[in-house]
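Chemist: Quick one: the structure is below, and I'll ask about it shortly.
Read the figures in this text as sums done on the coordinates, not as results from a lab. For clarity, every value in this text was computed on a predicted model and none was experimentally measured. Neighbour counts run over all protein chains shown; Cβ positions are idealised from the backbone, glycine included.
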Amino acid sequence: MFQDPLDTVFLVENTKTRRLGARWVFEKETPSTNDLARQLANEQAPEGTVVIAEAQSKGKGRQGRSWNSPAQGGLYLSILLYPPTTQETVPFLTLLAGVAAVNALKDCCEASLKWPNDLLVQHKKLCGILCEYLPDTTPGPAAVIGVGINVHQNISDFPQELQETATSLLMEAGRHIPRTTIAHRLVIALDQEYGELLNSGSPQLIRKWSERSQMFGKEVTLTQGPRTVQGVVKRLDSQGRLVLETSQGEEAFSAGETSLKK
Ligand code: BTN
């Protein structure tokens, strides 16, 4: 894999933010940056702690899947937050992270959002987001936003089963973009969107998310546990749920996996 160690000093000294980056934790390798952030929450690490690893040995994806995390191949980053109104805010953190990631990558490629939170370029997955809610931390509930971005992979660097469906910034932009640049932009963008959510509430976030998605009006298959539903995507509702027009009428979904017809 391309050698691209993170410039940790640059990140700590030059990432100007309000809430995020209160503490930075860099690891050469860890099982999962989300798990490390969870552990740090139990040790009362401050809000805005950023955890980045050069490699993950057990990177976690949604729905119990793994996240391919070769050393210096991608960016593996988690943020620890203590949202003030946890119940209301947490469902929106996933949407917020998607908007921030699209914004952070806009100079490199034009990514669009697939609900609940994949970043796609031409139907291929560039970035995944895993938000976890930690209700039992002291002094109060916490949340972890985990973002994985494929950066330096060529198609042959992905495991066989991902080669049809994954892409990287190298493949999309045609050049190696330093992970330090991506991490810097991403933390600033996450800080901005989190601040806006706290100050202005969720309607603005729903609008921004919708502007960055190409799902609306398209037919999707949504899988929720054993249930599979086909429908046309109408909108996100005020709770961030995906509203589908199905053969039975409109239905709003708060969880599930969507696949778009190409
Ligand atoms: C998905 O699309 O399934 C979500 C992938 C999330 C991957 C990131 S990498 C950083 C953080 N640590 C993890 O173990 N997972 C998330």
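Chemist: Suppose the filter is out of contact with any strand residue (DSSP E or B) (no Cβ under 9 Å at 6 or more places or on another chain) and within 16 Å of the ligand (Cβ to nearest atom); does GLU132 pass it?
Modeler: no
Chemist: Can you run down the residue pairs with Cβ atoms below 6 Å, 6 or more apart or on separate chains, where the first is in the stretch 211-230 and more than 10 Å from GLY256 (Cβ to Cβ) and the partner is part of a loop (DSSP other than H, G, I, E, B)?
Modeler: Within 6 Å, the pairs are GLU219/LYS261.
Chemist: Just for strands (runs of 3 or more DSSP E) wholly inside the stretch 20-133: which have at least 1 residues that are hydroxyl-bearing (Ser, Thr, Tyr)?
Modeler: Here the list reads 23-30, 49-56, 74-81, 112-114.
Chemist: Yes or no: ALA71 within 20 Å of SER168 (Cβ to Cβ), of a type in the set (A, V, I, L, M, F, W, C), surrounded by fewer than 18 Cβ atoms within 10 Å (Cβ to Cβ) and away from the ligand (no atom under 11 Å from the Cβ)?
Modeler: Yes.
Chemist: Give the stretch 42-61 a look and list any residue that's buried (at least 17 other Cβ atoms within 10 Å of the Cβ), of a type outside the set (S, T, N, Q) and within 13 Å of the ligand (Cβ to nearest atom), or say none.
Modeler: VAL50, VAL51, ILE52, ALA53, GLU54, ALA55, GLY59, LYS60 - these are the residues of the stretch 42-61 that are buried (at least 17 other Cβ atoms within 10 Å of the Cβ), of a type outside the set (S, T, N, Q) and within 13 Å of the ligand (Cβ to nearest atom).
Chemist: Show the residue pairs that are 6+ apart or on different chains and have beta-carbon atoms under 6 Å apart, the first residue being within the stretch 61-76 and within 15 Å of VAL147 (Cβ to Cβ), the second being more than 6 Å from the ligand (Cβ to nearest atom) and in a loop (DSSP other than H, G, I, E, B).
Modeler: Final answer for the pair search is GLY73/MET1; GLY73/HIS152; GLY73/GLN153; GLY74/VAL151; LEU75/VAL151; TYR76/SER69.
Chemist: Hey, any hits in the stretch 83-97 for a residue that's farther than 24 Å from GLY256 by Cβ and surrounded by 15 or more Cβ atoms within 10 Å (Cβ to Cβ)?
Modeler: No, every residue in the stretch 83-97 fails to be farther than 24 Å from GLY256 by Cβ and surrounded by 15 or more Cβ atoms within 10 Å (Cβ to Cβ).
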